Structure formats: C-alpha cells, structure tokens
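Working notes, beginning with the structure itself.
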Amino acid sequence: MPENARSHRHIAASALATLAALTLTGCDDAQMASHNISKAADNFEVMRRVVFLNGITDNYLLSIEGRCSIEDQGHQLEVTCKNGPDAYRKHFLGLSDNVTYFAEQLGPIDVSTFHYRVTFKPQALLPDPDFRGSADALLENASEANQ
C-alpha cells in the first residue's frame, strides 16, 4: 500500500476517534452505559430477545433470541444474529400501525461508564475485494503480474 494512502487512513481513523470523543463529551453515566451497551450489542456481545406483537390481537407473531444486533429502518426492522464463530443470519421484519416490537436484554453486561467504545473493523479501513472466477485464473494472473 502506498505510504500516502496509509497516512490518509491514519488521519481518517484519528479524526473519527476524535469525533467520537467530542460527541460523547458531557454524557452522564446513564448515557455512556447506554452507548456502550448498544455498541456491545452491535458487536454481538449481548443476548437479546426481540418479540413482534400484533397490537390488535395482542398475539406474539415472532420471537428471535440470541446475540443479535437490531436496526430500526422505520417500517422495517433488520435483525442480524451471530449463530457461530463465522455464522450469521439476517431477518427483515415489516412494521405497521398494528405490528410493533420490543427488544429485551436477557442478562446483565459489564460496561464502563467512564470510557466510551470505538470499534474499528479492519475491513472498513482496508478494502475487502470480492474475487469472482476460478482460483486457477487468479493464480495465473498473479504469476504473470509478478514476472
């Protein structure tokens, strides 16, 4: 990787960390704990139960339990759950005027109220190319490029 590209990525990462610090400056303990629990849940560290309820009939429509991250998109809830070391499932659930949900944290989690969390994922900073084609063609092209 060219040196100037590394420098730009380092500057971007530092700016992001600074922005996060400034955003969370002045937070009280409850806000900091809430932020850190949400961050932990987005990193699949929190056991949750997400229940969908029909508000007219008061019937449960669906329940999802596990290490799940949720994202409310307005009329759609996206629930991504980690099922193993490298196994994930994503569910899309429509919300309407009579269908709602609630998410319950199933157990306590130890989070700091003194330090905020920033999680850098290497694939967000460095490209993660998706190669299509055969492995033989990839190796052949790599060999030709190195000659």
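The Kirkwood hydrodynamic radius of segment 28-97, based on inverse pair distances between different Cα atoms, is 13.3 Å.
Can you give the extra length, in nm with one decimal, that the chain gains between Ile56 and Glu104 once fully stretched, where that is 0.36 nm per residue apart less the Cα-Cα distance?
Details: separation 48, 0.36 × 48 = 17.28 nm, distance 2.14 nm.
Contour length minus Cα-Cα distance gives 15.1 nm.
Read the figures in this text as sums done on the coordinates, not as results from a lab. These numbers were taken from a predicted model, which means no experiment stands behind them.
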